[in-house]
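Beneath this line is the structure, given in structure tokens, with notes to follow.
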Amino acid sequence: MKGESHLLEIKVLIQELVKKDTSSNVPEIIDKLFSEIECVDNEAGNEIQEAQIEESAISLWNWAVTNRVDSVINDEQRAKLRHVSCRLVCLCEGSDPPEEKVRRQILMTMKTGKGWVDVGKAALADGFLVIAINSLEKLYAQLMKRSSGEADIQVHKADVEKDLFKVLSYQAESAVVQGYFQKAVTCLQRCKDMLTRLPKQTCYLSILCYNFGVETYEQKGYEQSSFWLSQSYEIGKMDKKYSPGEEMQAKVLRLLATVYLEWDCEQYQDKALRAISLANEENMHPAGFFLKIKILLKSAASDEGIRTAVAELLHHEVSLDFCLNTAKLLLEHERELVGFDFLKSISGRFASSPDLGKIILLHIEFLLRRMKEPLAKQKIEDVITGHYTGKQLSPETLNRLHIILWDRAAKSYEAKNYSEALQWYNYSLSFYSSGQIDQNLAKLQRNMASCYFHLKQLEKAKEAVKEAERCDPSSIFTQFSVYKVAVLEGNTEKAVEAIVAMGKLAAKPAQHEDKLLADGSAATSLLSLSAQIALENEQQAVAVKALEYLSQHSQDCQQVFTALKCLVRLVLSKVTTEPKENRTKDMETLLTYLTSAHRRLAESFTEGSMTLDMRTHEAHWFRKIAWNLAVQFENCPGTMRDFFVLSFK
């Protein structure tokens with residue numbers, strides 16, 4: 001009776017599901033149905049009316065089909081509903097079902113099995129596919145009983161074989177997904193044997209094997225992948241009329257060659273070359289030529305062999321980008337002679353192309369990689385000449401060339417070879433017209449100024465900074481360069497102006513276009529460096545201004561306290577050497593610095609940006625300074641009181 005109660009529950013759930021057009025609890029009902037059917041044993045149907053079970057099963061099946069079309073349920077939910085329907089139909093089968101029921105059961109079990117395979121739950125498919133084969137055997141036996149002659153037998157046999165072929169192919173899919181290679185091979189062989197009688201299935205079976213090959217290749221199962229791809233190609237050759245076509249056959253062979261290449265090129269080099277040669281015979285495709293060259297390179301073929309393959313490629317219509325990728329492949333495998341010769345060949349071939357610059361750029365790039373700088377520089381100079389004689393590079397290619405030139409300059413700069421860095425920057429500068437305003441030009445001039453600073457060529461540095469200021473005066477980096485010139489010239493007024501400009505820019509980094517200023521760290525680093533430069537050049541007034549802005553704008557508490565300590569020390573050193581009557585203003589300045597320190601210490605406490613030990617250490621330093629200053633000024637009660645109060649705070 002237990003099985004009967006589950007069947008009744010299933011019947012109620014089916015009625016609830018099919019009576020509603022759409023329901024928010026459809027997924028819940030489907031899951032309940034799937035759970036309930038697993039509790040029904042195969043004999044449960046004998047206890048209630050089979051007709052009712054069958055009717056519910058067919059109703060559920062039809063509902064699943066209709067609502068899948070309307071996107072009410074997804075593929076897995078549909079598979080579950082088919083699963084339930086199939087199980088119910090199987091309960092009603094009986095010992096000797098009529099042909100109509102057998103055919104229906106074959107259809108339902110095939111579709112249910114395939115549905116589970118398609119949603120990635122192949123293990124659930126196997127049982128239904130076995131039932132489908134058993135039902136096909138029953139159908140064949142029934143058809144044989146009423147056959148009147150040989151013609152009838154052949155018709156019935158063909159009828160059954162079509163479905164058997166499908167079921168076996170589904171079983172092969174299921175086996176591949178589950179990793180049952182031998183089972184999949186057996187199913188495939190049975191399908192293959194039927195192709196003489198079912199030639200129209202040739203394309204389907206060939207593509208199925210290709211898909212198996214792709215799947216196992218992606219899992220790095222090279223041995224199995226090579227088997228499936230070989231089978232795909234062989235099956236595709238069995239019947240030209242129903243073959244998947246030359247393009248598909250070539251695609252299969254290219255993947256087979258790739259499998260051999262990645263599996264063990266040394267061991268399977270001949271097989272890989274054989275596969276790719278067949279692919280190119282089937283269908284000429286750039287990918288085939290590229291792969292052939294790749295195999296030859298990986299198998300350490302001679303330059304002559306590779307040159308032959310490259311020459312073969314040039315006999316066909318191929319795109320510029322394809323040729324560039326081929327050149328990169330050759331040069332990355334250190335086949336310089338072949339690679340550079342190939343670049344020369346394609347330069348002639350694409351001489352009238354607007355993208356000719358891409359070839360020149362690649363040539364330059366690889367000459368630099370191979371440390372052939374004189375040749376690269378000659379190429380660059382030719383490009384510069386072309387730029388002013390009507391042979392300009394496209395904006396995209398020119399931008400890429402600028403990046404290469406700046407990269408070389410940066411490497412020379414890091415190696416402290418400033419003259420060499422300037423040469424690369426000058427190449428980049430050659431592409432800018434006189435009077436042009438461009439932020440990148442400003443960066444270029446600033447970089448050149450840095451080189452001139454290191455070479456002690458102040459006049460040239462001034463010229464470069466002047467150009468940077470013309471192009472991008474609102475850049476903090478430009479103002480920093482202006483500042484450096486002013487400090488080196490001893491122009492305190494100009495240096496302070498630059499510091500003020502930097503301070504203003506540091507106060508509103510979000511409004512500035514330079515992304516480096518987004519978090520304010522670059523701005524404060526420049527202010528810190530500015531203070532250092534001023535102190536090194538004994539320009540105390542300038543250093544004070546830089547440190548004041550740094551203490552106001554830095555988000556780094558430690559940096560703020562370091563700046564304030566430095567400011568306090570600078571003023572104290574001044575106080576000890578000046579007459580007493582001039583000290584009042586300095587005392588006010590010290591009070592301002594110490595008050596700022598107290599405020600920032602309080603902020604760091606509430607924000608939790610410093611540890612307790614760090615805060616305590618900083619507080620002690622400023623407290624001692626305030627206390628000592630209070631003691632020193634005992635003859636000035638107001639000042640003494642202010643410092644004592646600060647020390648107490």
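The values are calculated or read from the model by the stated rules, or taken from the named source; none is laboratory data. Here the structure is a predicted model, which means the values were calculated and not measured. Cβ placement follows ideal geometry from the backbone for every residue including glycine, while neighbour counts extend to all protein chains displayed. For accessibility, only protein heavy atoms count, side chains too; no ligands or nucleic acids. Shrake-Rupley method; radii C 1.70, N 1.55, O 1.52, S 1.80 Å.
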message: Only one of GLN552, GLN558 is farther than 24 Å from GLU538 by Cα, surrounded by fewer than 17 Cβ atoms within 10 Å (Cβ to Cβ) and at pLDDT 70 or above. Can you tell me which?
response: GLN558
Entirely in the range 131-245, the helices (runs of 4 or more DSSP H) that have 1 or more residues that are open to solvent by less than 20 Å² (accessible area, probe 1.4 Å) and touching a Pro at 6+ places or on another chain (Cβ under 6 Å): 202-218, 222-238
- request: Among the residues of the range 239-267, write down those that are under 21 Å from CYS203 (Cα atoms) and of a type in the set (Val, Ile, Thr).
  value: VAL252
- line: Note on THR576: of the conditions (1) at pLDDT 80 or above; (2) more than 51 Å from the chain's Cα centre (by Cα); (3) of a type outside the set (Gly, Ala, Ser), unmet is (1)
- prompt: Within the range 459-468, how many residues turn out to be within 13 Å of LEU488 (Cβ to Cβ) and either open to solvent by less than 50 Å² (accessible area, probe 1.4 Å) or within 38 Å of the chain's Cα centre (by Cα) (or both)?
  reply: 2
query: Can you name the residue in the range 416-452 that is of a type in the set (D, E, K, R) and part of a helix (DSSP H, G or I) and is also farthest from the chain's Cα centre (by Cα) among such residues?
result: GLU420
message: Here are the criteria: (1) buried (at least 21 other Cβ atoms within 10 Å of the Cβ); (2) modelled with pLDDT under 90; (3) not aliphatic (A, V, I, L, M). Tell me which single one GLN105 does not satisfy.
response: (2)
